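Rule-based calculations on the coordinates, nothing more; no lab input. For clarity, every value in this text was computed on a predicted model and none was experimentally measured. Glycine also receives a Cβ, built like all others from the backbone with ideal geometry; neighbour counts cover every protein chain displayed.
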Amino acid sequence: MTVVVLGSVNRDVVCEVPRLPAPGETTLAIGTRTNLGGKGSNQAVAAAKAGGHVEFVARIGADPDPSLRKSLREYGIGLDAVGEVPGAHTGTAYITVAGGENQIVVDPAANFRWETDAELDASVAARLVADAEVVVAQLEVPVRVVAWAARRARRFILNAAPAATLPTDLLHRCDPLIVNETELSTFTGTSATTPRETFDQARELCLSGVPAVVATLGAAGAVWVRRDGRTAVGGYQPAPRVPATDSTGAGDAFVGALATALARGDDLPTGVAFATAAAALAVQSPGTHTAYPTREQITAALDTVPPATRPF
Ligand code: RIB
């Protein structure tokens, strides 16, 4: 049961502040730390800790810190398709954290330096992508490379973060497309204020040709919708109430856990409940990789996840 994660690697420079600064404002930090992140590496670690066999497809700088590979290998992640880009440096994310909230600016660097499609076809990544039960990608790497993987995957999951306009052909391969409320509004053109409105928007997207949509709502949980013949069915999965310490990468914990659940054969609502438990555990500790829960921890926390409303 293999999950291929295609995506970014960043060095996260994290500043903790009492509150997020307004535009033009200078704020003194309480403390600063550096850790490994990027939506791709976060989701690879989250999927591996949730019990998946994970192969990572990524691009890093030509002079990488050896601890980068060592750290990912310790989670059992396959790194044969992590390439080093001559003349580029590994991506950097500048993150400001205040309590449960954050702001992130990413310098993608090597994350945006990939070979042509023909060269990728001849690479080890092509075989890994074609063989995996599930391939999951995000948008901190070029859309062209994401579309390359989607065309070759048996089952393709896209976490459309950060938000971008996407070709219809790519959207129609997403099973599911995973978005937060802001990202969902870039596809629908309107913003939702309640889970019911989010559900209706996700359903519209599904009926327009996306096989399945999962919309995450932070502390309010998630909604899911999938095509069922000529209609679409779905539900609302509330999240357990937990004290949030750091929400950075909580969405990645959700996506990684969901990818592992779907790869092992769970249906979408079961996978969404598992992913909701994983994200609720992740927000209770600072950071990303070290904050992500193991399969045993997620399974134990499933008791705290409220029952889903289905149909909505
Ligand atoms: O989703 C969180 C991640 O977004 C951080 O680890 C940072 O690297 C940015 O990519």
To the nearest 20 debye, the chain has a Cα-centred charge dipole, built from +1 on Lys and Arg Cβ and -1 on Asp and Glu Cβ, of 460
With N residues in the stretch 179-312, what two-decimal value do you get for its Cα radius of gyration over 2.2 N^0.38 Å?
1.00
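Where in the stretch 195-297 are there trypsin sites (Lys or Arg not before Pro) that are in a DSSP coil and have at most 12 other Cβ atoms within 10 angstrom of their Cβ? Write out the running numbers ahead of the final one.
Working: sites: R196, R203, R226, R227, R230, R241, R264, R295; in loops: R230, R241, R264.
For trypsin sites (Lys or Arg not before Pro) across the stretch 195-297 that sit outside H, G, I, E and B with at most 12 neighbouring Cβ atoms in 10 Å, the list reads R230, R241.
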Just to be sure I understand: if I project the alpha-carbon convex hull of the stretch 201-261 onto a plane and average over all orientations, what area do I get in nm²?
4.7
Under the span-like rule (Cα at least 27 Å along the axis, Kyte-Doolittle mean at least -1.0), DSSP H helices of the chain
none
For the chain, using Cα atoms only, the Rg and Dmax in Å read 18.3, 55
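Report the local net charge at P108: Lys and Arg +1, Asp and Glu -1, summed over other residues whose C-beta lies under 15 Å from its C-beta.
+2
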Rank the residues V141, V3 as a footprinting-exposure proxy: fewest other Cβ atoms within 10 Å of their Cβ go first.
V141, V3
Of the options A93, T168, L120, report the single residue whose Cα projects farthest towards the positive end of the charge dipole of the chain (beta-carbon charges: Lys, Arg +1; Asp, Glu -1).
T168
Long-range HN-HN contacts of D80 with modeled amide H, under 5 Å:
F56
Stretchable slack from T194 to T34, in nm (0.36 nm times residue separation minus alpha-carbon distance):
54.0 nm
Apply the Karplus parameterisation 6.51 cos²θ - 1.76 cosθ + 1.60, with θ equal to phi minus 60°, to every residue of the stretch 9-19 and state each ³J(HN,Hα) to the nearest whole Hz, in sequence, with x for glycine and proline.
10, 10, 8, 8, 9, 10, 10, 8, 10, x, 8
Would you please put 90-102, 71-83 in order of how densely packed they are, using the mean number of other Cβ atoms within 10 angstrom per residue and starting with the highest?
90-102, 71-83
Between T26 and E101, what length comes free when the chain is fully extended (0.36 nm per residue of separation minus the Cα-Cα distance, one decimal in nm)?
25.2 nm
